[in-house]
Amino acid sequence: MMISLPRPPSLKARLLVPAMMCAFVFGMAGLLSGCQEDKRASKLDSQRASDVADARLKQAQSNLLATLGQSEPKAKSEQEDASVAPRTLAWSAPMTREDGSSLAHGQISGYRIYFRLKHKDSFDIISLNDANTTRYPLEGMPPGAYEFSISTVDVDGLESRRSDPVEVNLI
């Protein structure tokens, strides 16, 4: 019985196999190097994607609020500032009388502040006998929904019509 041994590969085959292996290895290395993550580009792209997503979310919220007829809520710091800041009623001294004639600052003796809680019928009055006082702090008033009007009093005791009412919620 005769056993045959495999034939040794030809020189051409012996050279072809390593060449193919090298080509395969270098080809894979090239592909894998293209797949490596560019850390800078990735961070920039993810940051941009995050910014775009935030902008879209804000736009969607704004559109929803507009559809519902509501305004956008204040930022938290603005809300805190508004709750801490004391409320003050402020006005400007008139420069003319109701009939259109001029009114000098020296002709004003003071102002009257008319106020009431909105659910009440009658007004209370605060008299200010100083023409230079054009601000009144509301910090000592009890909480509630108020209506304020102001009139001017001249040196002869003549009182103007009340201003248009201003509604203020002191809560």
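For region 151-171, the residues whose amide N sits under 16 Å from a probe point set 7 Å from the Cα of Phe123 along the beta carbon direction are 151-154, 158-168. Spin-label model, Leu103 to Val155: label points 7 Å out along the Cα-to-beta-carbon direction sit 1.5 nm apart.
Scanning residues 5 or more positions from Leu89 or on other chains, those with amide H under 5 Å from its amide H are Tyr136, Leu138, with H placed 1.01 Å from N in the peptide plane. A cut-off under 11 angstrom between Cβ atoms defines the neighbours of Ser109, and their net charge, with Lys, Arg +1 and Asp, Glu -1, is -3.
Read the figures in this text as sums done on the coordinates, not as results from a lab. Worth saying up front: this structure is predicted, and the values here are computed from it rather than measured. FYI the Cβ positions are ideal-geometry reconstructions off the backbone, even for glycines, and counts take in every protein chain you see.
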